[in-house]
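Here the structure is laid out as structure tokens; the discussion comes afterwards.
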Amino acid sequence: MIELKHLRTLQALRNTGSLAAAAAQLHQTQSALSHQFSDLEQRLGFRLFVRKSQPLRFTPQGEILLHLAEQVLPQIQHALQACHEPHQTTLRIAIECHSCIQWLTPALSNFRQSWPQVVMDFKSGVTFDPQPALQQGELDVVLTSDILPRSGLFYSPMFDFEVRLVLAPDHPLAQVEHISPEDLANEVLMIYPVQRQRLDIWRHFLQPAGVSPALKSVDNTLLLIQMVSAGMGIAALPHWVVESFEHQGLVVTKTLGDGLWSRLYAAVRDGEQRQPVVEAFIRSARQHACDHLPLVRDASQPGTPLPSPLPL
């Protein structure tokens, strides 16, 4: 029966001292405000203020409702403000491969400058297969290149990145102008310990050409690069992973075909993508990556095409 607009109207009437001034403050006509009061008083069965009193006087019943307005309206305003503040004090994050560590760590530091009240919990124990943990509520954000259909997860595009072939400087392919799938047929391809169908180089470069090199699993990025540098095999990694090692002359990188591109997503449980902390983290991490990583393209803009399988 009593609505918030009635309480706000009573407050305006108390603050201004007249029906005309209250109507102006509420951006209503005096006639409309007078009709609102008359309708409310008829439903309540008592008067709220004394008409034509100078100064305006509330009836005892009006004073009771005015006191209610002074209690309730500030509480509502406080609650609405709290709705826009982060309730989430811990943000649990995981990545699907160690290669993201090099840019994610400074990105986390950058995020915390704006959200110091949020505790960042980086879950390294679920690396390589963290999405089930996200589904089960053990994580809040997973950085991944894989989309699981009908998973109950929402995938926010982060950026597109080039996957480069990584070789020892004295490897024969280091002198080849254009790397084809057939060039890798007799090589040892070192990969992270995941199913080969999850590898972009396998799905979009080797498998379509019917080429199947030997695979060797290595679960540590630094060790993998050292093994490549020692001539123990080759690898396919995002350019940002190997950029510093290439500058040191430890490895060289080559473009696969006409360029092999992949997309990184921030996966969250569907329905939680608009949570303030989650949304701010994704936006901050994306911006940091696009500002600091080589050979990446912002994938968040509407209409950004998915990376295409490269022509062979």
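Okay, here's what the table says:
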{"quantity": "Length-normalised contact order of the range 206-311 in % [C-alpha pairs under 8 Å, at least 6 apart]", "calculated": "26 percent"}
{"quantity": "Per-pair calculated FRET efficiency, R0 = 25 Å: Leu223 and Gln175 via Cβ, rounded to 0.05", "calculated": "0.45"}
{"quantity": "Mean separation of Cα contacts under 8 Å (6+ apart) over length of the chain, as relative contact order %", "calculated": "21 percent"}
{"quantity": "Most fluctuating residue given options Arg112, Arg47, Arg297, as computed from a GNM of the chain linking Cα atoms under 10 Å", "calculated": "Arg47"}
{"quantity": "Alpha-carbon Rg with Dmax, taken over the range 155-216, Å", "calculated": "13.0, 41"}
{"quantity": "Neighbour net charge for Thr253 - beta-carbon separation under 11 angstrom, K R +1, D E -1", "calculated": "-1"}
{"quantity": "Net charge, Ser180 excluded, C-beta distance under 14 Å - Lys, Arg +1, Asp, Glu -1", "calculated": "-4"}
{"quantity": "Förster radius 41 Å - calculated FRET efficiency between Ala79 and Ala21 (Cβ-Cβ, nearest 0.05)", "calculated": "0.90"}
{"quantity": "Sequence ranges 56-63, 166-173, 148-155, ranked by mean other-Cβ count within 10 angstrom, highest first", "calculated": "166-173, 56-63, 148-155"}
{"quantity": "Fluctuation leader among His247, His78, His292 - the chain, Gaussian network, Cα springs under 10 angstrom", "calculated": "His78"}
{"quantity": "Using a Förster distance of 35 Å, the FRET efficiency for Thr90-His247 (Cβ separation, nearest 0.05)", "calculated": "0.40"}
{"quantity": "Gyration tensor (alpha-carbon) shape descriptor, the range 1-74, a/c threshold 1.5", "calculated": "rounded"}
{"quantity": "Probe 1.4 Å, accessible area per residue of the range 163-312, Å²", "calculated": "48 Å²"}
{"quantity": "C-alpha long axis of helix 276-292 to longest principal axis of the chain, angle in °", "calculated": "40 degrees"}
{"quantity": "Max mean-square fluctuation residue, GNM over the chain, Cα-Cα springs under 10 Å, options Gln275, Gln81, Gln131", "calculated": "Gln81"}
{"quantity": "Positive minus negative residues near Ala236 (Lys, Arg vs Asp, Glu; Cβ under 9 Å)", "calculated": "0"}
{"quantity": "Carbon plus sulfur fraction of accessible area for the chain, probe 1.4 Å, in percent", "calculated": "52 percent"}
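The values are calculated or read from the model by the stated rules, or taken from the named source; none is laboratory data. Predicted model, so just to flag it, every value in this text is computed and none were measured. A quick note on method: Cβ atoms are made from the backbone with ideal geometry, for glycine too, and the neighbour counts reach across all protein chains shown. These area figures cover heavy atoms from the full protein model, side chains too; ligands, DNA and RNA do not enter into them. Shrake-Rupley method; radii C 1.70, N 1.55, O 1.52, S 1.80 Å.
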